[in-house]
Every structure is written in C-alpha cells, then in structure tokens.
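Colleague: Got a structure for you, questions after.
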Amino acid sequence: MNGTSSSQSNGVGFGQVAPPDSSGVSIIIVGAGFAGLSCAIESRRKGHSVVVLEKFKELKIISFGNNVGRIFERWGLHDRFWPVCTHMDKLVLHNAEGKVLVEQPLQSPRYGAYSYNGHRGDLHKMLFEHAQSLGIEIRLGQDVSEYWETETEGGVIANGERLSADLVVGADGVRSRARKLVLGYEDKPKSSGYAIFRAWFDCAEQGVDKDPSTKFMCENGDTFHGWIGPDVHFLCSTSGGGRKMSCVITHKDEADIEESWSFPGKMEDCLKIVEGWDPTCTALLSKAPSLVDWKLVYRDPLPTWISKRARLALIGDAAHPFLPTSVQGASQAVEDGVTLAVALQLAGKESVPLAVKTWEKIRYQRVRKAQLTGESNRDMWHKAKSDVKGEEVSMPHPEWLLGFDAEKHAYEVYADAAEEIEERGYELPTLPPVPTIAA
Ligand SMILES: Cc1cc2nc3c(=O)[nH]c(=O)nc-3n(C[C@H](O)[C@H](O)[C@H](O)COP(=O)(O)OP(=O)(O)OC[C@H]3O[C@@H](n4cnc5c(N)ncnc54)[C@H](O)[C@@H]3O)c2cc1C
C-alpha cells in the first residue's frame with residue numbers, strides 16, 4: 001500500500017526514537033507555543049528535520065490532562081515538571097453563598113498517567129529548553145508574514161527570507177496568519193461572550209497568609225476552591241506548597257474583541273461580579289496586586305485544517321481554539337503535534353500530503369468532541385441552581401479524553417485511515433454528533 005506503514009521511512013514504532021534526520025522529511029514549524037514545540041519534539045524523535053520560527057525575541061496556570069501527561073513522561077520531563085506543579089488533592093466547589101456543593105478528589109496519576117498543573121511560563125520554558133536540548137533549531141525574532149505552497153513543498157516568508165520544506169506547520173495561535181492559506185480568506189475569531197479576570201501573585205507578599213478570611217489557602221499546602229453562580233465561576237488555587245496564588249474568574253462580557261482582547265483589568269469591575277456572594281470571594285480577589293482582563297475568543301470549527309495541496313497543516317489554537325473550561329486547549333495542541341509527527345514518519349517523504357490528510361482524519365472528530373466540553377463544563381457551572389447536587393457539578397474526567405495515548409493511537413489507526421483516503425479520495429472531515437460529549 002502506497003504511503004502507509006509499508007513505506008514507513010525509518011522503521012521506528014510506538015514509543016521509539018529514530019536517529020536524527022533519518023526520515024528525510026523536512027518541516028518548518030511557525031510558532032513556539034505548546035503546539036509548535038510539541039510537534040517539533042515528537043518530529044525530532046521520529047527522525048524529521050525541523051526548524052521552528054517564533055516571532056518573540058524572548059520567551060514570556062496551565063493544566064495538562066493525563067492524556068498529555070503520559071507523553072511528557074515518555075519525553076523524560078516528569079522530574080522537571082512535577083516539582084513546579086501544584087499538588088492539590090481536591091477541588092472544593094461552593095455555591096455563590098459559600099455552601100460547599102462538592103469536594104471532588106483530584107487524582108494524579110489517573111488512567112496510568114500524571115496530569116500537570118502549573119504556571120504557564122514555567123512549563124513552557126521547560127518544554128522550550130527540552131526542545132533546544134534535543135538540538136532542534138529554534139529561530140527567535142522571526143515574524144512569518146506569508147505562506148505559500150506548490151505540489152512538492154510548503155513555504156513561508158520570515159523577516160523577508162523565503163524558506164521551504166516538505167511541510168509547513170502553522171502553530172501560530174488563535175490569531176493565525178497561516179489560516180488564510182488554508183481557508184482562502186481572512187477569518188477572525190469571534191467573542192465567546194465571556195471574559196476572564198486573572199491574577200497570579202505571591203501569598204506572603206499580598207498578606208493572604210495573615211488575613212483570617214484567606215489564610216486557609218496557604219495553611220495546608222496547595223489548595224483549590226471554586227465558587228459558581230449564574231453565568232460566573234471563580235477558581236482560586238495555590239501552588240508551591242501554598243505560596244503562590246492563582247485567581248481566575250470567568251464572567252459574561254460582550255466587549256469588542258477587535259480593539260483589544262488582553263489588557264489590565266480594573267479591580268472594581270472584578271469585585272462587582274462577586275457582589276453579594278460569599279465574602280471570602282471578595283477577600284481573596286482583593287489580594288491581587290493587579291489583574292489581566294482576558295476576552296475569551298472562540299471560532300466555529302474550521303471546515304478543514306489543511307491547505308489545498310496539503311503542504312500546510314494548522315495545529316493547536318490556529319486550527320481550533322478551546323475555551324479554558326475544557327482544560328484541554330494545550331493538551332489537544334500537544335496531541336496534534338505528536339500525531340502529525342507519527343503520521344509523517346509512517347508515510348515518509350514521498351507521501352507527505354497523504355500523511356497530512358490522514359492526520360486530519362485521525363484528529364478532527366476527537367478534537368471537536370474535546371472542544372465541546374468547554375461549553376458543557378461552563379454551562380454545567382453557570383446554569384446550576386444554588387441547591388444543585390454535588391455530582392451534577394463535578395468536573396468530568398472521562399476515559400475517552402484522559403485515558404488516551406496520541407502516539408499509540410496514531411500507530412494503531414494510521415494504516416487503515418490512509419488506505420481509506422487512497423481508495424475513496426480525500427473528503428472534508430465531518431463533525432461528530434453533539435450528544436457524544438457526555439462523559
Ligand atoms: C485564559 C486561558 C486559560 C487557559 N487555560 C488552559 C488550561 O488550563 N489548560 C489547557 O489545556 N489550555 C488552556 N488554555 C488554552 C491554551 O492556552 C491554548 O490552547 C494553547 O496555549 C495553544 O497553544 P498553541 O501553541 O496552539 O498557541 P500559542 O500558545 O498561542 O502559540 C502560538 C505561538 O506562535 C507565535 N506566532 C504567532 N504568529 C506568528 C508569526 N507570524 N510568526 C512567528 N511566530 C508567530 C506566537 O508568538 C506564539 O508563541 C487557556 C486559554 C486561555 C485563553
């Protein structure tokens with residue numbers, strides 16, 4: 001069979017690492033976020049030659065589910081990630097009046113793998129350093145302005161320089177420029193109707209540990225509490241053994257995201273949201289020295305993530321931004337990158353477009369199903385009655401989502417999926433039926 005496992009370029013399989021540059025496939029990855037870095041790392045492991053272009057000159061609480069925890073562990077990152085992560089044993093969820101609705105245990109490991117919850121900058125820096133340690137070429141200060149493709153290669157213009165490879169991966173985030181080549185037109189993200197005030201600060205510096213109404217967040221190591229009310233949820237957690245605090249409050253906001261979608265927030269606007277709520281919410285939020293007002297953008301599913309000649313693939317937020325309530329945006333970005341690297345290895349240099357089409361077929365429905373959990377989780381909290389039963393507002397941890405192994409799955413299904421495309425021709429992916437989101 002052409003281009004499938006029989007033409008596997010360098011003979012490595014699940015969990016194995018190929019010699020550098022042994023597959024013959026060359027890839028340009030635009031964006032060194034979680035999607036781009038993960039694609040680069042797994043591509044390196046599978047023997048592809050990779051260049052990452054990132055526009056930042058330097059680098060600036062994210063959660064990774066068990067589905068990606070198992071991948072980070074396979075990459076040897078557990079001992080670095082674990083010490084900087086939060087270690088909360090449960091989420092204590094309250095209603096707006098402060099009554100405890102549920103104490104939900106947060107096991108890690110679960111489904112045979114750890115989850116990692118930590119400061120986005122810390123974990124991103126470690127992933128970046130890991131990519132560098134593997135010898136991956138990451139060029140900073142590279143602003144990619146144009147994308148193009150021919151039958152045989154994909155290319156970009158970065159800082160005026162024309163570069164090409166077998167494949168270009170657009171991992172350039174929610175405001176992706178790469179998307180234009182895929183869609184043929186400029187498609188802007190839309191407002192989700194919600195925004196988040198976020199804060200991250202040192203508990204001792206802000207007196208959280210001294211105030212009798214807030215010191216419960218520091219006294220017993222890492223602690224995680226949430227409050228839910230109509231159209232609002234407020235999550236507050238500590239890490240570093242109760243030393244650093246994260247506050248995240250999601251609320252209705254119809255502001256124009258064209259103007260700005262991340263800027264300093266005003267404390268009075270934030271406190272207005274919890275007016276009349278359990279006074280602990282005000283006490284905790286007012287400890288924040290500053291706030292970020294983050295407008296949550298969203299987009300309807302793209303009809304496809306790949307360009308006409310399949311020499312450009314969009315991954316991560318460039319293809320499918322997630323709402324934070326799914327707690328899966330970054331994890332799915334990592335799964336995208338890992339799956340793509342495996343597909344390219346199995347297809348080999350001569351069949352890159354087939355690899356890309358097969359990758360989309362493998363990923364599309366799973367990603368959409370995961371993406372919809374952002375809406376269902378949010379609505380579960382925002383529409384809950386104040387006397388709701390605990391189990392009705394517990395965060396779902398479904399096995400289909402968290403027990404998944406993207407690398408293993410890619411090896412298992414690639415050949416059949418590729419064969420189907422070769423026999424029937426490429427078809428645009430179809431969306432899963434909405435009811436399948438149930439945990
Ligand atoms: C408030 C909030 C909280 C979240 N919390 C979670 C969570 O707890 N768990 C979770 O899994 N997900 C969470 N997410 C989602 C998660 O952050 C994203 O899904 C994930 O970071 C996407 O990674 P990415 O690499 O696709 O995009 P990005 O992280 O946006 O990376 C894109 C990269 O491309 C670069 N770039 C862009 N344009 C160019 C260009 N023209 N040239 C060169 N480089 C370029 C950018 O500088 C950037 O480094 C959250 C999102 C938000 C908004």
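Colleague: Restricting to the range 120-147, and then to whatever is within 13 Å of the ligand (Cβ to nearest atom) and hydrophobic (A, V, I, L, M, F, W, C), can you tell me which residue is surrounded by the fewest Cβ atoms within 10 Å (Cβ to Cβ)?
Modeller: Filtering first and then ranking leaves Leu140.
Colleague: Exactly one condition in (1) closer than 22 Å to Asn377 by Cα; (2) assigned to a strand (DSSP E or B) is not met by Glu254; state its number.
Modeller: That leaves (2) as the condition not met.
Colleague: Same structure again: So is Arg309 in contact with a Pro (Cβ under 9 Å, 6 or more places away or on another chain), closer than 30 Å to Leu183 by Cα and open to solvent by 40 Å² or more (accessible area, probe 1.4 Å) or not?
Modeller: Against the criterion (in contact with a Pro (Cβ under 9 Å, 6 or more places away or on another chain), closer than 30 Å to Leu183 by Cα and open to solvent by 40 Å² or more (accessible area, probe 1.4 Å)), Arg309 qualifies.
Colleague: Still on this structure, please answer the following. Mind telling me which of the residues Glu399, Glu412, Glu419 ends up being open to solvent by 10 Å² or more (accessible area, probe 1.4 Å), closer than 28 Å to Gly15 by Cβ and touching a Ser or Thr at 6+ places or on another chain (Cβ under 7 Å)?
Modeller: Glu419
Colleague: Only one of Lys389, Lys361, Lys349, Lys357 is among the basic types (Lys, Arg), over 22 Å from Ala171 (Cβ atoms) and away from the ligand (no atom under 15 Å from the Cβ); which?
Modeller: Matching residue, one of Lys389, Lys361, Lys349, Lys357: Lys389.
Colleague: Out of Leu77, Leu53, I need the residue that is within 10 Å of the ligand (Cβ to nearest atom) and more than 27 Å from Met217 (Cβ to Cβ). Which one?
Modeller: Leu53
Colleague: Scan the range 26-47 and tell me whether some residue there is open to solvent by 30 Å² or more (accessible area, probe 1.4 Å), closer than 28 Å to Pro353 by Cβ, modelled with pLDDT of 95 or more and in contact with a Lys or Arg (Cβ under 7 Å, 6 or more places away or on another chain).
Modeller: no
Colleague: Quick check on the range 327-352: of everything there that is open to solvent by less than 10 Å² (accessible area, probe 1.4 Å) and of a type in the set (Ser, Thr, Tyr), which residue is farthest from the chain's Cα centre (by Cα)?
Modeller: Residue satisfying both the conditions and the ranking: Thr339.
For every residue, the table says whether it meets (1) under 23 Å from Phe14 (Cα atoms); (2) at pLDDT 95 or above; (3) polar (S, T, N, Q).
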| residue | (1), (2), (3) |
| --- | --- |
| Leu53 | no, yes, no |
| Phe56 | no, no, no |
| Ile71 | yes, yes, no |
| Ser108 | no, no, yes |
| Arg120 | no, no, no |
| Glu129 | no, yes, no |
| Leu134 | yes, yes, no |
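Colleague: For residues that are within 16 Å of the ligand (Cβ to nearest atom) and in a loop (DSSP other than H, G, I, E, B), scanning just the range 261-306, find the one that is surrounded by the fewest Cβ atoms within 10 Å (Cβ to Cβ).
Modeller: Ser290
Colleague: State yes or no: is Phe201 in the same structural domain as Cys218 (by TED's automatic domain parsing) and either within 12 Å of the ligand (Cβ to nearest atom) or surrounded by 13 or more Cβ atoms within 10 Å (Cβ to Cβ) (or both)?
Modeller: yes
Colleague: Looking only at residues in the range 62-97 that are touching a helix residue (DSSP H, G or I) at 6+ places or on another chain (Cβ under 7 Å) and open to solvent by 20 Å² or more (accessible area, probe 1.4 Å), which one is nearest to Gly242 (Cα to Cα)?
Modeller: This residue is Val84.
The values are calculated or read from the model by the stated rules, or taken from the named source; none is laboratory data. Everything quoted here is computed from the prediction, not taken from an experiment. Note that each Cβ is placed from the backbone with ideal geometry, even for glycine, and that neighbours are counted across all protein chains shown. Surface areas here come from the heavy atoms of the whole protein model, side chains and all, with no ligands, DNA or RNA. Shrake-Rupley method; radii C 1.70, N 1.55, O 1.52, S 1.80 Å.
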